[in-house]
Amino acid sequence: MRAGLAGLLERFGHTVVAAVGDADALMAAVRTHRPDLVITDVRMPPGYTNEGLHAAVELRTADPGTAVLVLSQYAATAYAAELLVPTCRAGVGYLLKDRVGEISDFADAVTRVAAGETVIDPDVVRQLLARQRVTDPLDRLTPREREVLGQMAEGRSNPSIARVLGISDAAVAKHIGNIFMKLDLPAEDGHRRVLAVLTYLRR
């Protein structure tokens, strides 16, 4: 898959500076090449558990300017939440491996993450929407506000959310303002959008 992914990225017009097989080699390659975007699997040698995810979190913590896209075999919401914990200015993404086969969508995700956006696999978002808790702070949100927050969790911009939901940009901005207020996210916090998504992913 690594070779196929490298070839696919080159077809998109990207330059692949390294293609490595374990987390240690990944960290070394990032230090050497300083890439604009790192793409890694959740599972890597030697243990094939979550070495790639931990490397991605470490990269985001050590260098907030490095964009990271993590691929996973399964829609594990805990992995997505852990990946988003370091609040960085760089883009971050969590996609299922099956999404790579959807060429245009995957190409768009790569571009968006490299450009600084947050992209979460729709299947992960659907799992989160299906989970309910009595004490969930998201219970304060209206159905429309939940839809808007779900789109935010996929990394969509306000105009993109407006197009998907068929509402105006002003309506999106109003819903997002309500979300921030209902989730008790103060206006002085510059990371309210990320914090709102984290609240959503931790359900």
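How large is the Rg to Rh ratio of the range 51-101 when both quantities use alpha carbon positions and Rh follows Kirkwood? My calculation puts Rg/Rh at 0.96. Between the helical axis of 169-182 and the longest alpha-carbon principal axis of the chain there is an angle of about 80 degrees. Cα convex hull, the range 159-203: 85 Å³ per residue, rounded to a whole number. Here the translational diffusion coefficient of the range 39-149 follows from Stokes-Einstein with Rh set to the Kirkwood radius across Cα pairs; for 20 °C and 1.002 mPa s it amounts to 145 µm²/s. Taking Cα centre as origin and charging only the Cβ of basic (Lys, Arg, +1) and acidic (Asp, Glu, -1) residues, the dipole magnitude of the range 1-132 rounds to 100 debye.
For the chain, the convex hull spanned by the alpha carbon atoms encloses 119 Å³ per residue. With all projection directions averaged, the alpha carbon convex hull of the range 1-80 covers 5.3 nm². Between 0 and 90 degrees, the angle of helix 2-11 with respect to the longest Cα principal axis of the chain falls at about 70 degrees. Surface composition of the chain: carbon plus sulfur atoms hold 52% of the accessible area, using a 1.4 angstrom probe and ignoring ligands, DNA and RNA.
The values are calculated or read from the model by the stated rules, or taken from the named source; none is laboratory data. Model, not experiment: these values are computed from the prediction. With ideal geometry, Cβ positions are generated from the backbone for all residues, glycine too; neighbour counts draw on all protein chains shown. Just the protein is used for accessible areas: all its heavy atoms, side chains included, with ligands, DNA and RNA removed. Shrake-Rupley method; radii C 1.70, N 1.55, O 1.52, S 1.80 Å.
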